[in-house]
Amino acid sequence: MNNVLNKISELGIIPVVKIDQAQDAVPLGKALLSGDLPAAEITFRTAAAEDAIKALTDELPELLVGAGTVLTIEQVQKAVAAGAKFIVSPGFNTKIVDYCLENNIAITPGVNSPTQIEMAIEKGLKAVKFFPAEASGGLPLLKALSGPFSEIKFIPTGGIDQNNLLSYLSHPQVLACGGSWMVKPELILSGNFEQITILTREAVSIMLGFQLAHLGINEESQEKAINIANLLADIFYFTSKESTSSVFAGSGFEIMKKKYLGEHGHIAIATNNINRAIAYLNRKGIATLPETAKESGGKLKAIYLDLNISGFAIHLMQK
């Protein structure tokens, strides 16, 4: 996949924005950045789209900006000239797809049938927009389509909100989801950008699903680790379970057999998607420690962050 699609995959959610006044573009972009979601798909449903894209790309270069509801090659040209990094069309317009491919422009056309997906594969596309997602049959249809077309990724859009976001994102062939619930036109028109930030942060929180997995406690020896784990198990009716490097007391305490990262131990944080979580943390200036990475089946399962809190290292884990 190209760099734009990789970025979209890392973000996980693409806000689909209908904007009526170009002067609202920058405040909207700032609200999205404050909500930890640096992306916007500006739809060509209004006359303000081109100017809005230009304002966002000029004033907020850290924002990934694309153009949606693109129906003509002329709109592609206007969007790209204004700074759009990707193009999204509601259907499979062969002329638009060909033009974008010939000019090295990232394009995700809309599909909702096997024939359209085959057209996309024939063109060499790696990702398509599944639209309108819910009206076309939702996740059951997407799962059915994914079976024979395992080499392509989908960006479901249309009817996606905070209630079904995780269901779609849990499908292995879903690259990201497009949605407008956090950027409703009435919120933009009324200048309620604070609410947009709140809804955006809520969406990111739902997507990442951070939660405390367990507390790791550093001990000096296997004997001490076993004793502490057995003590916790005895007092609180936990089950004690020993592994190569540690002893668990229930699922909430991991007693290390020797000192590892962190003065006192580590705090394990689980997430719905470890790769998106790492990208999110990197945007906040928090790096990972590659030498601590653990994989299973070629997929990253756990890694320590370059972060210490009150003498505890932070261990990020895939749920």
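The values are calculated or read from the model by the stated rules, or taken from the named source; none is laboratory data. Keep in mind it's a predicted model, so treat the numbers as computed, not measured. Methodologically, a virtual Cβ is constructed for each residue, glycine included, from the backbone with ideal geometry; neighbour enumeration extends over all protein chains shown.
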Could you please find all residues in segment 85-106 being in a loop (DSSP other than H, G, I, E, B), surrounded by fewer than 17 Cβ atoms within 10 Å (Cβ to Cβ) and β-branched (V, I, T)? none
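For segment 107-136, enumerate the residues that are surrounded by fewer than 21 Cβ atoms within 10 Å (Cβ to Cβ) and touching a residue at least 60 places away in the same chain (Cβ under 8 Å). Explain how you work it out, then say what you get.
Start the filter on segment 107-136 by keeping residues that are surrounded by fewer than 21 Cβ atoms within 10 Å (Cβ to Cβ), which leaves 113-116, 118-119, 121-124, 126, 132, 134-136.
Scanning segment 107-136 gives a single hit, K126.
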What do you reckon, is V204 among the β-branched types (V, I, T), buried (at least 16 other Cβ atoms within 10 Å of the Cβ) and over 24 Å from P27 (Cβ atoms)? no
Out of the residues in segment 22-36 meeting the condition of being farther than 16 Å from G68 by Cβ and not small (G, A, S), tell me which one is surrounded by the most Cβ atoms within 10 Å (Cβ to Cβ). D24
The condition of being assigned by TED's automatic domain parsing to the domain that holds G29, within 17 Å of G158 (Cβ to Cβ) and either over 20 Å from the mean Cα position of the chain (by Cα) or not in a strand (DSSP E or B) (or both) holds, among E118, E62, E134, only for E134
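Return yes or no: is A203 hydrophobic (A, V, I, L, M, F, W, C), in contact with a Lys or Arg (Cβ under 8 Å, 6 or more places away or on another chain) and at pLDDT 95 or above?
Values: hydrophobic (A, V, I, L, M, F, W, C): yes; in contact with a Lys or Arg (Cβ under 8 Å, 6 or more places away or on another chain): no; at pLDDT 95 or above: yes.
So A203 does not fit the description; no.
In the set E186, E223, which member is within 30 Å of A25 (Cβ to Cβ) and assigned to a helix (DSSP H, G or I)? Before the answer, list the steps.
Details: E223 fails: within 30 Å of A25 (Cβ to Cβ).
Going through E186, E223 in turn, the sole match is E186.
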Which numbered condition trips up A79, out of (1) surrounded by 16 or more Cβ atoms within 10 Å (Cβ to Cβ); (2) under 27 Å from L208 (Cα atoms)? (2)
Scan segment 175-209 for residues that are closer than 18 Å to I278 by Cα, in contact with a helix residue (DSSP H, G or I) (Cβ under 8 Å, 6 or more places away or on another chain) and free of Cβ contacts under 8 Å to residues at least 60 places away in the same chain and jot them down. I206
